[in-house]
Amino acid sequence: MIPAHFSRRLLSRITSGALCALPFLIAGRAFAEERSGNIYGLPPCVTTSGEQIDFIIKIIFWLTGIVFVATQGTYIYYLIRYRRRPGVKAHYSHGNNTLEVIWTTLPTIIFLALAIYSNRIWEEIHRPAPDNALTIDVSSYQFGWEMRYPGVSGKLSPMDVRKISPQNRWGTDPENPRTGQDVISTELVIPAGRPVHVLLHARDVIHSFYVPEFRIYQDCVPGRTIGWVWFQATRTGEFQLACNQLCGTGHYNMKAPIRVVSEEDFQKWLTPRQQKNAGTASPVVAPSPAKAATLTEPSTKNTL
Ligand SMILES: [Cu+2]
């Protein structure tokens, strides 16, 4: 039987603890994107590299979860077992060197193993894209996305980030005959089961290529080509590309649809567009006047 004065104290401590945890519990529900409701709080994973990332997330989840329950359980046990009781004298402990060595060495080994293993996965994910990868130029701007696919030649026309301007939003060479063959799209359409290599560009400020289901989050930096992101989707579906870098007043609405389709459907989508552009000197999707106005906005406008 727990004495009344102790249970009152315990109750007040539990109440204040719960009140302190409340903001964190509420914040935990306010995810920016829909989660799949699994124990890990992760959205579904649809890329091969994402599966590797999830694997390490799960290891860390269970490792820290078990340690949390074990340490907090011991803590609570000791709180109750050695609570202040009339007639019982406190005992002073000088510590235990063996225990100190164990609980210092063990976490060190665990952290080192996790660091080495994570690094291996990181290197595997960031190895060069396979030769059969489909290369897509992804361009970000305030406040939207545009994709550039190779034309009939099967290769993207060359570009230079230094040439990117409101007049030349892809930084391509207007004299190059291949420039007009590129296929421009405002949605990211990709084939499932084939590696996709994205070249990330920014026309004005830093944006971020963020697709939770792909487990990809990579900044797009003006003046640079970010060329180490590639992935392979494991199934078809519809997703959303969202900017995850606060890039100005319209940031909240900076998104583009992603469609992962079968290889056959992908060819059905891309081939007519490539054929339409073959031999022409201008891109297939000319921006609408409204879009053109957005694209030619001075890059310093609306930045934070
Ligand atoms: Cu952005």
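The values are calculated or read from the model by the stated rules, or taken from the named source; none is laboratory data. The shown structure was predicted, so the numbers you read here are calculated from the model rather than taken from an experiment. With ideal geometry, Cβ positions are generated from the backbone for all residues, glycine too; neighbour counts draw on all protein chains shown.
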The range 192-215, subset closer than 19 Å to Gln267 by Cα and among the small types (Gly, Ala, Ser), residue farthest from the ligand (Cβ to nearest atom): Gly193
Filter pass, Ser157 being in contact with a strand residue (DSSP E or B) (Cβ under 9 Å, 6 or more places away or on another chain), at pLDDT below 95 and not in a helix (DSSP H, G or I): yes
Residues of the range 149-205 that turn out to be among the small types (Gly, Ala, Ser), closer than 17 Å to Asn132 by Cβ and in contact (Cβ under 8 Å) with a residue 60 or more places away in the chain, as a count: 2
Any chance Val189 is at pLDDT 95 or above and either near the ligand (Cβ under 10 Å from one of its atoms) or aliphatic (A, V, I, L, M) (or both): yes
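Could you please find all residues in the range 219-229 being in a strand (DSSP E or B), within 15 Å of the ligand (Cβ to nearest atom) and among the hydrophobic types (A, V, I, L, M, F, W, C)?
Cys220, Ile226
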Residues that are surrounded by fewer than 14 Cβ atoms within 10 Å (Cβ to Cβ) and closer than 24 Å to Tyr210 by Cβ, drawn from the range 123-147: Glu123, Glu124, His126, Arg127, Pro128, Pro130
Lone unmet requirement of (1) among the hydrophobic types (A, V, I, L, M, F, W, C); (2) farther than 23 Å from Gly41 by Cβ; (3) part of a helix (DSSP H, G or I) for Val88: (3)
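Quickly run through the range 47-94 and pick out the residues that are polar (S, T, N, Q), without any contact (Cβ under 8 Å) to a residue 24 or more places away in the chain and surrounded by 10 or more Cβ atoms within 10 Å (Cβ to Cβ). Break it down stepwise before answering.
Let us first name the residues in the range 47-94 that are polar (S, T, N, Q), namely 47-49, 52, 64, 71-72, 74, 93.
After this cut, where a residue has to be without any contact (Cβ under 8 Å) to a residue 24 or more places away in the chain as well, the list is 64, 71-72, 74, 93.
The answer is Thr64, Thr71, Gln72, Thr74.
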Odd one out for Arg127 among (1) over 19 Å from the mean Cα position of the chain (by Cα); (2) under 25 Å from Tyr217 (Cα atoms); (3) at pLDDT below 90: (1)
Among residues of the range 179-218, those that are under 20 Å from Arg273 (Cα atoms), assigned to a strand (DSSP E or B) and polar (S, T, N, Q), counted: 1
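Going by the structure shown, is Ser165 at pLDDT below 90, over 20 Å from His201 (Cα atoms) and more than 16 Å from the ligand (Cβ to nearest atom)? Don't jump to the end; show me each part of the working.
Details: at pLDDT below 90: yes; over 20 Å from His201 (Cα atoms): no; more than 16 Å from the ligand (Cβ to nearest atom): yes.
For Ser165, the condition - at pLDDT below 90, over 20 Å from His201 (Cα atoms) and more than 16 Å from the ligand (Cβ to nearest atom) - is not met.
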The range 240-282, residues that are part of a loop (DSSP other than H, G, I, E, B) and on the phi < 0 side of the Ramachandran plot: Asn244, Gln245, Leu246, Cys247, Thr249, Gly250, Met254, Ser262, Ala278, Thr280, Ala281, Ser282
Close pairs from the range 206-229: first over 18 Å from Gly50 (Cα atoms) and modelled with pLDDT of 90 or more, partner more than 13 Å from the ligand (Cβ to nearest atom) and charged (D, E, K, R), Cβ under 9 Å, at least 6 apart: Gly223/Arg162; Thr225/Asp137
